[in-house]
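Take a look at the structure set out below.
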Amino acid sequence: MRARVLAGLNDASGILFPAATVHRSLDDAAEVLAEQAPVIKRTALIALEAGTIYYSLRRVSDDVIRPYRIVSRGTSTAPDWPMERLSLIELDQRDETWVLAQGDPIWWAPVSWDSFAICPHPAQSGGVLAIDYLAWPQSMQEDDDEPELPEGDHEALVLYGVYEGQAQRWAVQPMLEVWSLFKRHADAATGRSGQGRVQSRLTQRSLADTGDPIPPP
Amino acid sequence: MTVGEELDRIQDRLNDRTAAIWSREELAQWWNDSYRDLCTVAAVVVRLRCLDLPGRHSHALTFDWEATESTGTVWAPMLQGAAGSRRFTSSWESEHLERVTPSQGFAGLTYEWERAHLESTDRRYEFALPKNHERLKRVAWNNRKLFPVSVRELDASSTSWQRRIGLPRWWTTGTGRVRSLEVYQIEATYQQGYAQNSLLGLPRALQGARSYGILCDGPQATNLYAYTGRGDVQAVVREGAVFAPITCYTQSWESAYGRAPRYNFTINLTMNEPRLRHTVVFPWEMGAVGGPVVPDDGDQADQEDSFIAIRSNAPVALNGLARLLTHESASLRAGTQVWEQEFLNGASSFSTGAVVGAFTWENRYGAAAFSIPLGTVRGAESPDRQYLPVESDATLGVFQGRVSDWRSSDEAISVHEVVLPDQQLVEADTPAHLPRQLLKYVRYAVLARCFGRDGEGHNTILADHYNRRASQGALLFKNLGLAATSDRRYQRNSGILERQQMPRVRLPSTFERVW
């Protein structure tokens, strides 16, 4: 990919664009694609600790975009308990003193981009929170590394590298042209990431329910 | 990724490594501006803060212009009148100046904590928030949510809501200064946190009514030597030390045939060395090889089973960490076991004895385990509640440094607030208010400012392009904080009202209760 980026910039020997610059561009490209199309998903475990309400996502990993599902495991309620996701406002509506509630965790609520709260919080340590999260890809380290993204998105990475090179040259028109090509790939990646949701959706016309049935004549 | 590294990347992108068009200082300023903008727009950097009850301010002002000269939180307790030229402590002073017969006024106060000593005042019940405060997300008193209300709603509820005493139920941004909130009803029971002045160093000891553990995750420390009493300290670290063995030996197997306390020349000469350096046969030889000078005792030639005194003219340096093995009684006599100390102190009941080890590794052979706490407090834990590290206004988001505040949310005000970076980051700093992967959007915002600046390098198209990319980053960052609702699907309802239960009657807290 580095060779293709340099070829696209007409700098095959990498005089104007050193390898490190191209590598950073490819890493940025993978991040941008992962942000737009949520395809990279991971699961991490955090031990449930007595009395702990707020958990930091920095403790989970440094590649967390955002968690989308948390399962409480190993507590007395059930071996696996998918926790319901609420906002802080909704949590307050259920219980104004939810901070004090003790028991097996049922709900979780994002507090900040880097932390979330659970409610109730356990009175005793034990069990784990399995956190499913959308992730940024790991940066590539070696020349023979392959991107974590699907094969169809690899072309987009090359295009992004060319876009960054053209931007560095202040070549406005070529830069914008390559950017529009990259966007087209990114949109396709977004569509691909939603395929499961589209296929599982129940689609039907709703009934023309007007409330009261029309009385018979 | 430091700010300096980010600036390098920006200069790479600008093709301006020599800063011929855009100076490094200019880029650093724009970087800080863009960083703060991103945090402001997204509003997803939320932190928990506990406030003193009643509120505590760094300074009390007489005139508003004084606020510009103040660092820290400010409060203006004085009443204003006479076309802004006068400040009053009590409202009757205003009447007096206007040549009106003064009426009964309320007591004035200078700081909010004085409420604990007052019956009633006409001042707002105000809490100040620090400089990096952006907006409030949730306010609680005693861990119970307080409801946000407007002043108009409060006016509709009561004519004297500003003075009503009771349990707090509502909060409002009220009629006070920026970065402040007011809480009603007024609960003025003293609940202050502990603030450690930076000039006073680190907290060395914490104590209170609650039980908690202190985390002190320094390096795994081990002691280099152990000692049994005050005399030993002198023997190993002080010049002119005196050591009085009964038996001397040079080989370890000989130790079984002597009487304690024994003296091993080889070990004592090399106590700070990992390897054997010298072996001596007679004590006087020790001085010749660099050890403590020992007078030759001609009266006892073989010195076996004899009492000798070794006097050291050179300090026997035992640098490092030592462990005191004994427990000293009130009479300064020491015992190895705790029960010995108790016995010497005249106790009637005694602790159970245990195997005492001098070093940590002896735990493997039955000695009681011990750890050596080194360094500062890194955390506290309890099975009953969470001790959460929170930022103080002097830090930049990373939980490093020392404990500067120690507060509780019990019977006090706690707020979830959106915060901003409150200081300019310099090149060596690492931004901590957003994930490192989003730093590229700060770069785009800086690039937009670079190309948008008039003069050399101005390019409207590039400025517009980078502006749009920075906006996408802000939107993405905002969405990170909306994880609760990000994939919810909303739809219009049918418009048919379902039968609902009437809301419960809520009586004022002053309503008479019968249990």
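Some points to look at:
- For B:Arg138, the requirement of being open to solvent by 40 Å² or more (accessible area, probe 1.4 Å) and not in a loop (DSSP other than H, G, I, E, B) is not met.
- Hits in region B:177-198 (condition: assigned to a loop (DSSP other than H, G, I, E, B) and of a type in the set (A, V, I, L, M, F, W, C)): B:Val178, B:Ala188
- For region B:426-447, taking the residues that are among the aliphatic types (A, V, I, L, M) and open to solvent by 10 Å² or more (accessible area, probe 1.4 Å), the one that is modelled with the lowest pLDDT is identified as B:Ala428.
One line per residue, one yes/no per condition, for (1) part of a loop (DSSP other than H, G, I, E, B); (2) β-branched (Val, Ile, Thr); (3) over 15 Å from B:Gly176 (Cβ atoms); (4) in contact (Cβ under 8 Å) with a residue 40 or more places away in the chain:
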{"site": "B:Tyr35", "(1), (2), (3), (4)": "no, no, yes, yes"}
{"site": "B:Arg49", "(1), (2), (3), (4)": "no, no, yes, yes"}
{"site": "B:Gly84", "(1), (2), (3), (4)": "yes, no, yes, no"}
{"site": "B:Ser94", "(1), (2), (3), (4)": "no, no, yes, no"}
{"site": "B:Val100", "(1), (2), (3), (4)": "yes, yes, yes, no"}
{"site": "B:Ala116", "(1), (2), (3), (4)": "no, no, yes, yes"}
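Every residue, every condition in (1) of a type in the set (Gly, Ala, Ser); (2) open to solvent by 20 Å² or more (accessible area, probe 1.4 Å); (3) over 18 Å from B:Gln386 (Cβ atoms), yes or no:
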position: A:Ile70; (1), (2), (3): no, no, no
position: A:Thr75; (1), (2), (3): no, yes, no
position: A:Asp80; (1), (2), (3): no, yes, yes
position: A:Arg85; (1), (2), (3): no, yes, yes
position: A:Ile89; (1), (2), (3): no, yes, yes
position: A:Val99; (1), (2), (3): no, no, no
position: A:Phe116; (1), (2), (3): no, no, no
position: A:Ser125; (1), (2), (3): yes, yes, no
position: A:Ala130; (1), (2), (3): yes, no, yes
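- Of residues in region B:139-163 being aliphatic (A, V, I, L, M) and more than 14 Å from chain A (Cβ to nearest Cβ), the one farthest from B:Glu417 (Cα to Cα): B:Ala156
- Residues that are assigned to a strand (DSSP E or B) and in contact (Cβ under 8 Å) with a residue 24 or more places away in the chain, drawn from region A:102-118: A:Trp107, A:Trp108, A:Ala109, A:Pro110, A:Val111, A:Ser115, A:Phe116, A:Ala117, A:Ile118
- Single condition B:Glu6 does not satisfy, out of (1) within 28 Å of the chain's Cα centre (by Cα); (2) not in a loop (DSSP other than H, G, I, E, B): (1)
- Residue satisfying condition, being in a loop (DSSP other than H, G, I, E, B) and of a type in the set (A, V, I, L, M), within set A:Leu149, A:Leu134: A:Leu149
- Every pair of residues 6+ apart whose Cβ atoms lie under 7 Å, when the first sits in region A:82-101 and is closer than 22 Å to A:Trp113 by Cβ and more than 7 Å from every other protein chain (Cβ to nearest Cβ) while the second is in a loop (DSSP other than H, G, I, E, B) and open to solvent by less than 20 Å² (accessible area, probe 1.4 Å): A:Met83/A:Pro105
- Yes/no for A:Glu31 being on the phi < 0 side of the Ramachandran plot, out of contact with any strand residue (DSSP E or B) (no Cβ under 7 Å at 6 or more places or on another chain), facing another protein chain (nearest Cβ under 10 Å) and open to solvent by 50 Å² or more (accessible area, probe 1.4 Å): no
- When residues in region B:62-73 are screened for being modelled with pLDDT under 90 and either hydroxyl-bearing (Ser, Thr, Tyr) or crowded, with 18+ Cβ neighbours inside 10 Å (or both), 4 of them pass.
The values are calculated or read from the model by the stated rules, or taken from the named source; none is laboratory data. All values derive from a computational prediction rather than experimental measurement. No Cβ is skipped: glycine too gets one built from the backbone with ideal geometry, and neighbour counts run over all protein chains shown. These accessible areas exclude ligands, DNA and RNA; they are computed on the full protein's heavy atoms, side chains included. Shrake-Rupley method; radii C 1.70, N 1.55, O 1.52, S 1.80 Å.
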